[in-house]
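Asks: Sharing a structure, written as structure tokens. Questions coming.
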């Protein structure tokens, strides 16, 4: 598994000349999408089968500001996996320095009701479990 | 003090037909700006004096999805105020139902170095303290 | 018909300390949504009936920059209405000064195919025609 | 010169499940930044010297919708260069099909006043002229 890379865009910087803090929440989503591609189970596959995976919580600690053209490397690991929820932990670095650590929690819904990942997508569940062994 | 109101825009909704979770972080900023106007000390005044107030942490718990045209009411209160940091707690409701609770922490920087709010902006410090009495 | 009002948000401003130019395209959408509410035919009604109205063209001329907290007033009128397309013209002002003029064109699609507005939504077509008389 | 590549993000898609039209204006900016890097004169160099280059006009024609994970290739060329303005033309393709054509015009400002590119940044002016020969 390799970290996801995001180069900060001009329009992502604010008046203070730093990456607006709300954008990190989007970078986290980009990293998740990439991570699911890496474990061989694209984000869109779940949606095509009628299951959506809304975010139930996010948390972000900003340690150093980043700015235009910075290359942010985002490492992601599953911190917790239960029947109904998955929690990711993120570490974002620029030139090796940690600029942000973050966390997000997600559930799985089908027709508006909670779905057990292990039952509904056993293949995905197993693939996630496997990443946690390392 | 009255809650801040945000009507969800079409472009703030995602494929799942709900407000994209990253946007709540922006609504929190809108609510802070409005709150500072209400306590009589506009956000831009600090910046004009050369002090910026970056976000050091955000946390957001999503309880119910919102969507296009929903009127989100955001109540905000200072949960903690120290020399160097301020922490806000947010409650967001739609038609009286809590859809999201959140928190953000901010520091104050002048020329890149931490500034004690009480010393640098005693008037603002006092105004914030006053909101905490209630 | 009254103009739509948008107050520029902190996160809408860029490094140059002005409203990022891409956001005006979003303000135009906000103004259209409001305009349809004013003519009594909400944007979401069409979508609920399975018709979407994608943008086929936008054009924006930026005359003066705007910034954080500016109140932009957006007037909108239908410049052209045909069976398959509608074209809006926008004038955006801040304190009476024109800061931006713009244009957008839209078609109507049902199940991916063009729909004649006059046939599919005669009530909406008539309401739009009526605004053009003035 | 190679085209700029943008992969459509989940958060860039709207309720209609297509890339929100406002985002193309941002992709154009990304392509310009990349183009200036390719001609050897980074976007940030101008800003470091106190010259900003605001957008004075954009125009976008949407031919086909794009969606999540689409790889958009953006080719860019200078259509017109004068003392005070530069105009870019863009062609965006997905798997070889043109999805969007666009145009943007920019001026150059120093301390709020127009600057002649040829005089102020002769090296950049020459580099741009050179791209027009081909």
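The values are calculated or read from the model by the stated rules, or taken from the named source; none is laboratory data. Everything numeric in this text was worked out from a predicted model, so none of it was measured. Cβ atoms come from the backbone with ideal geometry, glycine included; neighbour counts cover every protein chain shown.
Asks: Test of understanding: among A:49, A:73, which residue is away from chain B (no Cβ under 12 Å) and exposed (fewer than 15 other Cβ atoms within 10 Å of the Cβ)?
Replies: Every option except A:49 fails the conditions.
Asks: Quick one: is residue A:39 under 15 Å from the mean Cα position of the chain (by Cα), more than 13 Å from every other protein chain (Cβ to nearest Cβ) and at pLDDT below 95?
Replies: Judged against the criteria, residue A:39 is a match.
Asks: Would you check if residue B:66 is within 14 Å of chain A (Cβ to nearest Cβ) and in a strand (DSSP E or B)? Before the answer, list the steps.
Replies: Working: within 14 Å of chain A (Cβ to nearest Cβ): yes; in a strand (DSSP E or B): no.
Here the answer is no, as residue B:66 does not meet what is asked.
Asks: May I pose another question? Among the numbered criteria (1) modelled with pLDDT of 95 or more; (2) within 24 Å of residue D:113 (Cα to Cα); (3) over 15 Å from the mean Cα position of the chain (by Cα), which single criterion is violated by residue C:17?
Replies: It is condition (1) that residue C:17 fails.
Asks: Regarding the stretch C:85-100, can at least one residue be identified that is on the phi < 0 side of the Ramachandran plot, surrounded by 15 or more Cβ atoms within 10 Å (Cβ to Cβ), touching a strand residue (DSSP E or B) at 6+ places or on another chain (Cβ under 8 Å) and not in a strand (DSSP E or B)?
Replies: no
Asks: For residue D:75, are the conditions met, namely being under 19 Å from the mean Cα position of the chain (by Cα) and closer than 27 Å to residue D:23 by Cβ?
Replies: yes
Asks: Another one. Would a scan of the stretch C:98-113 turn up a residue that is away from chain D (no Cβ under 14 Å), more than 30 Å from residue D:53 (Cα to Cα) and free of Cβ contacts under 8 Å to residues at least 24 places away in the same chain?
Replies: The answer is no; no qualifying residue exists.
Asks: Something else now. Could you check the stretch D:51-64 and list, in sequence order, the residues that are at pLDDT below 95 and touching a strand residue (DSSP E or B) at 6+ places or on another chain (Cβ under 6 Å)?
Replies: D:51, D:52, D:53
Asks: Right, next: Name the single residue, out of those in the stretch C:18-48 being part of a loop (DSSP other than H, G, I, E, B) and touching a residue at least 12 places away in the same chain (Cβ under 8 Å), that is nearest to residue D:60 (Cα to Cα).
Replies: Of everything passing the filter in the stretch C:18-48, C:21 is nearest to residue D:60 (Cα to Cα).
Asks: Right, here's the next one. Of everything in the stretch B:18-36, what is out of contact with any helix residue (DSSP H, G or I) (no Cβ under 9 Å at 6 or more places or on another chain) and within 9 Å of another protein chain (Cβ to nearest Cβ)? Give them in sequence order.
Replies: B:18
Asks: With the checklist (1) under 30 Å from residue D:67 (Cβ atoms); (2) part of a strand (DSSP E or B) in hand, flag the one item residue B:59 doesn't pass.
Replies: For residue B:59, the failing item is (1).
Asks: Further question: Among the residues of the stretch C:22-43, is there at least one that is surrounded by fewer than 16 Cβ atoms within 10 Å (Cβ to Cβ), in contact with a strand residue (DSSP E or B) (Cβ under 7 Å, 6 or more places away or on another chain) and over 27 Å from residue A:16 (Cα atoms)?
Replies: Within the stretch C:22-43 (the criterion being surrounded by fewer than 16 Cβ atoms within 10 Å (Cβ to Cβ), in contact with a strand residue (DSSP E or B) (Cβ under 7 Å, 6 or more places away or on another chain) and over 27 Å from residue A:16 (Cα atoms)), the answer is no, since none of the residues qualifies.
Asks: Residue A:115 fails exactly one of the following numbered conditions: (1) touching a helix residue (DSSP H, G or I) at 6+ places or on another chain (Cβ under 7 Å); (2) crowded, with 19+ Cβ neighbours inside 10 Å. What is the number of that condition?
Replies: Failed condition: (1).
Asks: On to the next question. Quick one: in the stretch A:1-17, of everything that is at the interface with another protein chain (Cβ under 7 Å from one of its Cβ atoms), under 19 Å from residue D:42 (Cβ atoms) and touching a residue at least 24 places away in the same chain (Cβ under 8 Å), which residue is surrounded by the most Cβ atoms within 10 Å (Cβ to Cβ)?
Replies: Within the stretch A:1-17, the subset at the interface with another protein chain (Cβ under 7 Å from one of its Cβ atoms) is A:9-11, A:13-17.
Filter again for under 19 Å from residue D:42 (Cβ atoms), leaving A:9-11, A:13, A:17.
Checking which are touching a residue at least 24 places away in the same chain (Cβ under 8 Å) leaves us with A:9-10, A:13, A:17.
Working: A:9: 17, A:10: 20, A:13: 24, A:17: 15.
It comes out as A:13.
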